[in-house]
Structures are given as C-alpha cells and as structure tokens.
2 protein chains.
Amino acid sequence: MTDRPDLAAMISRLSRPLIDAELPVLREHGLSMWAYMVLLALDERPLRTQAALAEAIGADKTRIIGFLDDLQQRGLIDRTPDPTDRRARLLSLTAEGRRVRDSAQAGIQRKEERLLGRLPEEDRRAFLRSLQTLAALSPEEIVGE
Amino acid sequence: MTDRPDLAAMISRLSRPLIDAELPVLREHGLSMWAYMVLLALDERPLRTQAALAEAIGADKTRIIGFLDDLQQRGLIDRTPDPTDRRARLLSLTAEGRRVRDSAQAGIQRKEERLLGRLPEEDRRAFLRSLQTLAALSPEEIVGE
DNA sequence: CGAATCGATAGGCTTACGCATATCATCTAC
DNA sequence: GTAGATGATATGCGTAAGCCTATCGATTCG
C-alpha cells in the first residue's frame, strides 16, 4: 500500500476550513448551513416528506423543523400538505428560494475555485470527477458494506 | 465554471461516513479521535509544547490535556519537562505508541482502500495526489486569506 | 369500525466543542 | 530583581448535535 496520510484525516482537514469559508457567505444571505443544505436538496427535486429531506441531508428530522419554519416564513420554500396524504408536506423551492440558493452558491464556488487553482489542470479534473463519484455514494457504500 | 456540487458539500459528505468507519477501529485500540490525532501528529515529529500540538491538530489547547494524561498513563506518549524551559513539556511517541498507531492506521487504511477501489487507477492516483496537496495547506491558505 | 402505523412537531437529555477566564510556575528583558 | 510574557492546567459558559420519548392528526389495513 502506498504510504499516505489517512483519507479521513486529509478530508476532515480540508472540510473544516472549507466550511469556515462558507459560513460568512451564507450569513450574508441569511442562511445557516442546514438551511443552505435544505435549499440544495430541494433544488435537485421537490420532496414529499420532511423525513425524506432530513435523511437526504443527514439531519435529525426533529431538528430541521425550525429551519423549515424559517425558510417557509421567508418565502424560500413551499410547504403544503400533500392532497393525497395530508399527513405529509410537499416541499419545494420557490423562485426566490432558487435565487438565494444560486447567489449563495456562486459566492461559495468562487472561493473554492481559488483553492482548486492550486492544482494542475488534469489533476484538478480528475480530483473533481473522483469527488463527485465518491460523494454520490450512500453513506453505507462509503463505509464499505 | 463547470457545473458541479460545492466542494465543501462533497467533502463534508465524504467526511462523515469516513469518520464513522474509523471510530470502531479506533475503539478497538482504545483510542478516541483526538487521541489518534495526537499519535499521528507526534509520529511525524516530537513537539516541544502542548500548545503547538493542539494547534497542529486543530484542537483547543485546554481540551487535549485530558487526552494527553490518558495517553501518557497508558505509556503511548512521553511527556517530560523540557530541561531548557521547564514550563514546556517535550512530547513524543513511545515505541508502544508507535505500535498502536501503526496498528490502528493499518486497520483504517484497509477500509479506505476498499473505497478507493471504486475509482479508476489514474483518477485514484490524481485524487490522492490532489488531496495531499490541498491537505498540506494551512487553513488560511485553504480558505484563501 | 378499530388497531396499528405514519408524518410532523415538541421537549428533554446528554455529549462534545469552541471560547474565555483564572491560576500557578517559569522564563526573559530591562 | 521585578515586570511582563509564556506554558500548562482547571473550570465555567453557551451552543449545537444526536437521541429518545410523547403527542396529535391522518391514513391504512384487517
């Protein structure tokens, strides 16, 4: 095996400052990290239940309620009872929600591009490709079994 | 700009399960995450102060003391007053500490190799190379001042 | 219809962390 | 040698997270 630092160590070491760099950008948009993750998740596709949303972003389902309340109140998401099952709440982004999301994400990725600029072009492409491959896996697949 | 998920989002998404996979291995060796990080940091080179150690692993200097106490008591690290400045404690790994570290790290990297096996060989090399490049940066360099 | 289930929500508990302050010993500079 | 800096350590605070239980309305299935 090639001698290398632990994957987890390197990734955690990157994760912390990247998040620290995100937070100010999010705060400018009035978003917390959880709120931002909600917007990202809903942007990909609307969800039928809040539990599914919580699961998708790895949050506790009882803990995101406050964030959803806030996002709804600010008109960034829609949360309407499912007419076919009124226990569930249909969740989706509003136009304004998408606008805020886009704006926040642009700011974040601008910072990230500066970091990626440190990599040679080919490595950078392979790096992003690999990250996308791995990040698309379910947590169980990442752990291995 | 290429359309992609946020770096931070992908990396955080990987980070959590990787750490979850580490913890059981560490527990088998009687190590907490902080304790393991201490062993890793000291393996690279002994340190002259505990504050420097805390800084190196991104921990609070007042919070690692308990972990150091424990590691020392179990004979995994040496912590002796610096004869040239008796305020400071010289920190280094013992032989047993290195043995435990090696064993834990082997277990961790074995799991990680299974994950890396999902990447094509060239991407995998570029991925690791890139990670090492980026993880070697200081937090300030990662954020981008 | 009635029982079991499900989704949303509230509340409390525990743990961990970052941060700030305070103390004590030691060292360095003037 | 005295003042101020430095290092280790203890402690308390506020916050955020995971987890568990309880409630309540809505739904489904027997």
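Every read-out reported here was derived from the displayed coordinates using simple, explicitly stated rules and does not represent laboratory data. In this text the structure is predicted, and so the values were computed from the model without any measurement. Note that each Cβ is placed from the backbone with ideal geometry, even for glycine, and that neighbours are counted across all protein chains shown.
Counting 0.36 nm for each residue step from residue A:32 to residue A:86 and taking away their Cα separation leaves a gain of 16.6 nm. With Cα atoms defining each centre, the stretch A:1-63 and the stretch A:83-127 are spaced 10 Å apart in the structure. With the Cα gyration tensor of the protein assembly as shown giving a ≥ b ≥ c as the square roots of its eigenvalues, does the rule (a/c under 1.5 for rounded; else a/b larger than b/c for prolate; else oblate) give rounded, prolate or oblate? In terms of gyration-tensor shape, prolate. Expressed as an acute angle from 0 to 90° and rounded to the nearest 10, what is the orientation of the C-alpha long axis of helix A:7-28 relative to the principal long axis of chain A? With rounding to tens, the tilt is 50 degrees. The relative contact order of chain B, computed from alpha carbon pairs under 8 Å that lie at least 6 residues apart in sequence, is 21 percent. In the stretch B:76-145, taking the dipole from charged Cβ atoms about the Cα centre, the farthest positive-side position among B:130, B:97, B:109 is held by B:97. The residue A:106 and residue B:43 beta-carbon pair, evaluated with R₀ = 51 Å, returns a calculated FRET efficiency of approximately 0.80. Distances, shortest first, from the label point of residue A:144 to those at the same position in the other copies read 3.4 nm; the point lies 7 Å along Cα to C-beta. Dipole check for the stretch A:26-102: with +1 at the C-beta of Lys and Arg, -1 at the C-beta of Asp and Glu, and the Cα centre as origin, the magnitude is about 140 Debye.
Could you work out, residue by residue across A:116-128, how many beta carbons of other chains sit within 10 Å of that residue's beta carbon, and then give the average as an integer? Averaged over the peptide's residues, the number is 5. Evaluated with a Cβ-only charge set (Lys, Arg +1; Asp, Glu -1), chain A carries a dipole of roughly 400 debye about its Cα centre, given to the nearest 20. Taking chain B as a Gaussian network of alpha-carbon nodes connected by springs under 10 Å, the highest mean-square fluctuation of the residues B:116, B:71, B:91 belongs to B:116. If you plug the beta carbon distance of residue B:113 and residue B:51 into 1/(1 + (r/R0)^6) with R0 = 41 Å, you get a FRET efficiency near 0.70. Estimated purely from DSSP H runs of n ≥ 4, each contributing -39500 (n - 2.57), the mean residue ellipticity at 222 nm for the protein assembly as shown is -20500 deg cm²/dmol once divided by its residues. Computed from label points 7 Å out along Cα-Cβ, the spacing between residue A:95 and residue A:65 is 3.2 nm. Classified by the C-alpha gyration tensor, chain B has a prolate form. Its axis ratio a/c, with a ≥ b ≥ c, is 1.5 or above, and a/b is larger than b/c. Shielding by partners for peptide A:19-29, expressed as the average number of C-beta atoms from other protein chains within 10 Å of each residue's C-beta, is 2. For the peptides A:100-106, A:6-12, residues were scored by their other Cβ atoms within 10 Å and the scores averaged per peptide; the highest-first order is A:6-12, A:100-106.
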